[in-house]
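Asker: Handing you a structure now.
Here, each number is a calculation from the coordinates, and none is a lab measurement. Bear in mind the structure is a predicted one, so any value in this text is a computation, not a measurement. Because the Cβ atoms are built from the backbone with ideal geometry, glycine has one as well, and the counts that use them run over all protein chains shown.
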Amino acid sequence: MPFTEADARTSLSAACEEAGIGIGSADLIRIGSNAVFRVDSNVIGRVAPDLQGWDNAERQIQVARWLE
């Protein structure tokens, strides 16, 4: 089953709602193995098609926070 922008937006919307972030009109930056959205000027949302990359995603978030 192909990974579509609509699927990614549904997941992004649910994640933003859970985090208390308004999704507004998130702009799709790219879609490939993951979908990347600009939610607002301070938030980028990355949506994977499944949970296989969970460990890698957590590591990338930790590095981004460290760099911040």
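One line per residue, one yes/no per condition, for (1) within 12 Å of the chain's Cα centre (by Cα); (2) loosely packed, with under 10 Cβ neighbours inside 10 Å; (3) not in a strand (DSSP E or B):
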{"site": "Asp7", "(1), (2), (3)": "yes, no, yes"}
{"site": "Ser13", "(1), (2), (3)": "yes, no, yes"}
{"site": "Glu17", "(1), (2), (3)": "no, no, yes"}
{"site": "Ile21", "(1), (2), (3)": "no, no, yes"}
{"site": "Ser25", "(1), (2), (3)": "no, yes, yes"}
{"site": "Leu28", "(1), (2), (3)": "yes, no, no"}
{"site": "Val36", "(1), (2), (3)": "yes, no, no"}
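Asker: I need the full set of residues from segment 11-68 which are polar (S, T, N, Q) and under 22 Å from Met1 (Cβ atoms), in order please. Step through it out loud before you land on a result.
Answerer: Here is the first cut: in segment 11-68, the residues polar (S, T, N, Q) are 11, 13, 25, 33-34, 41-42, 52, 56, 60, 62.
Hits for segment 11-68 are Ser11, Ser13, Ser33, Asn34, Gln52, Asn56.
Asker: Looking at segment 48-58, can you tell me whether even one residue there is assigned to a loop (DSSP other than H, G, I, E, B) and touching a Cys at 6+ places or on another chain (Cβ under 7 Å)?
Answerer: To start, the set of residues in segment 48-58 that are assigned to a loop (DSSP other than H, G, I, E, B) comprises 48-53.
So of that shortlist, the ones also touching a Cys at 6+ places or on another chain (Cβ under 7 Å) come out as none.
Looking through segment 48-58, none of the residues is assigned to a loop (DSSP other than H, G, I, E, B) and touching a Cys at 6+ places or on another chain (Cβ under 7 Å).
Asker: A further question follows. Suppose we filter Ser25, Ser11 for residues that are without any contact (Cβ under 8 Å) to a residue 60 or more places away in the chain and more than 23 Å from Arg65 (Cβ to Cβ); which single one remains?
Answerer: Numbers: Ser11 fails: more than 23 Å from Arg65 (Cβ to Cβ).
Testing whether each residue is without any contact (Cβ under 8 Å) to a residue 60 or more places away in the chain and more than 23 Å from Arg65 (Cβ to Cβ) leaves just Ser25.
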